[in-house]
1. For region A:5-114, compute Rh as the Kirkwood radius over C-alpha pairs and then the Stokes-Einstein diffusion coefficient at 37 °C and 0.692 mPa s; write the answer in µm²/s, rounded to an integer.
2. Over 28 Å between Cα atoms, which of A:2/B:10; A:6/B:80; A:106/B:44 qualify?
3. First select every other residue whose beta carbon is under 13 angstrom from the beta carbon of residue A:42; then total the charges, Lys and Arg +1, Asp and Glu -1.
4. Over region A:5-114, with every protein chain in place, what whole percent of the accessible area is carbon and sulfur at 1.4 Å, could you tell me?
5. Does a label point 7 Å from the Cα of residue B:57, set along Cα-to-beta-carbon, have any residues of region A:1-31 with amide nitrogen under 20 Å, and which are they?
6. Helix B:69-80: angle to the longest alpha-carbon principal axis of chain B, degrees 0 to 90, nearest 10?
7. By how many degrees, 0 to 90 and rounded to 10, does the Cα axis of helix B:84-102 deviate from the longest principal axis of chain B?
8. Please report the spacing between the Cα centers of region A:12-29 and region A:78-118 in Å, no decimals.
Amino acid sequence: MKLNEKSLAFYATCDSPADNAGFLYKRGERHTAYHRRWFVLKGNMLFYFEERDSREPVGVIVLEGCNVELCDSAENFTFAIRFGGSKSRTYVLAAESQEAMESWVKSLSRASFDYMRLVVRELEKQLQEMSRGLAGGCGGSQDAPGPWKPKPSGPEQSRERLPALPAMLPKENGCAVWNNVLGADRPPDTSGCGGHDEEGTPRPPPLPPRRRVSNGEAASAGAAESPSTFCRLHEQYSREVARLRQDWQQRRRGPQP
Amino acid sequence: SAPRAPAVLKKRLVKLVVNFLFYFRTDEAEPIGALLLEHCKITKEEENVFSISFIEEPERKYCFECATEEQCQEWVEALKRASYEFLRRSLIFYRNEIQKMTGKDPLEQYGISEEARFQLGAHRQ
């Protein structure tokens, strides 16, 4: 299968910070000898290089749908990246210290796009609940959000509220909410990001333990925008949050003795 | 569709899965290839058409012609949001907003609040 290798190599070697980097020993596929390689984790991609200063990676492991496990192996500090399919290879890696091994296992097991998306969705919901809660307290009502109109280039990039965003490219914002099961027979354009209904999207991610369900959600289900588009929510939250914070601060100051 | 230099279009089935765009021949189960959607630019071209180009080779455009303009807009929106790097920035943004509103770090419950990749100001690119 072809990949845009130049782009991959660029991503691997560009100066965006890596989420983890270091030497690891990688067990060969057919022969069980270990080879020392320089590993770089960026996003959900684990690149490995022959040398630390190599200009191109030798290979890459895409960290979606995998399990990261410790090995009970004779060699110390080994761990494995295991994929589900029967044809899939298991990557056995060894670190040079206990600390390095733990650091890698931790970062690799949380590196997937799926995991990030889960966390982002949860934070979106929290923010949404907080906005609703505050709005109820203020007696304000929120406009039902209309369908979101795409803007030509990342407007959020110029918003002061956001942390420094890269000026490198007019990158767009938002999170993709996709059915990530390859082979699912969905037509390509209903990947959930249109301006209209979203709830053809797949089952929601598993909820973390402390989830509260607010009544506000049920009540405003009719008006609720689908939480599936960061960009749309981003617009709304920014306006709402600014308004609500102002209200909240005024209320705090108001009745103080 | 294939890159359009000699205006040859090939019909493909295209699937967006996390930050990859897979493409298939319409009658095959295995993809021919995939594009990693990091550091890329999605451009709406003429009617029904959008293109993807990458920062390291900006003049090379992968062009796609859709059946309808609406479909084209949906794809453009979808692809603009498909990168991991942007998801990361979203997370940082929400975390910061929630922290400002509540005084609490919402990542603590996940045990990831100390990770360098989520710190405000990290990953300036």
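1. My calculation gives 233 µm²/s for D.
2. A:106/B:44
3. Working: positive: B:88, B:117; negative: A:15, A:19, B:38, B:85.
Residues near residue A:42 contribute -2 overall.
4. 43 percent
5. Of the residues in region A:1-31, A:1-15 have backbone N under 20 Å from the label point off residue B:57.
6. With both axes taken from Cα atoms, the answer is about 40 degrees.
7. 30 degrees
8. Region A:12-29 and region A:78-118 have Cα centres separated by 12 Å.
The values are calculated or read from the model by the stated rules, or taken from the named source; none is laboratory data. Computed from a predicted model, the values in this text were never measured in an experiment. Methodologically, a virtual Cβ is constructed for each residue, glycine included, from the backbone with ideal geometry; neighbour enumeration extends over all protein chains shown. For accessibility, only protein heavy atoms count, side chains too; no ligands or nucleic acids. Shrake-Rupley method; radii C 1.70, N 1.55, O 1.52, S 1.80 Å.
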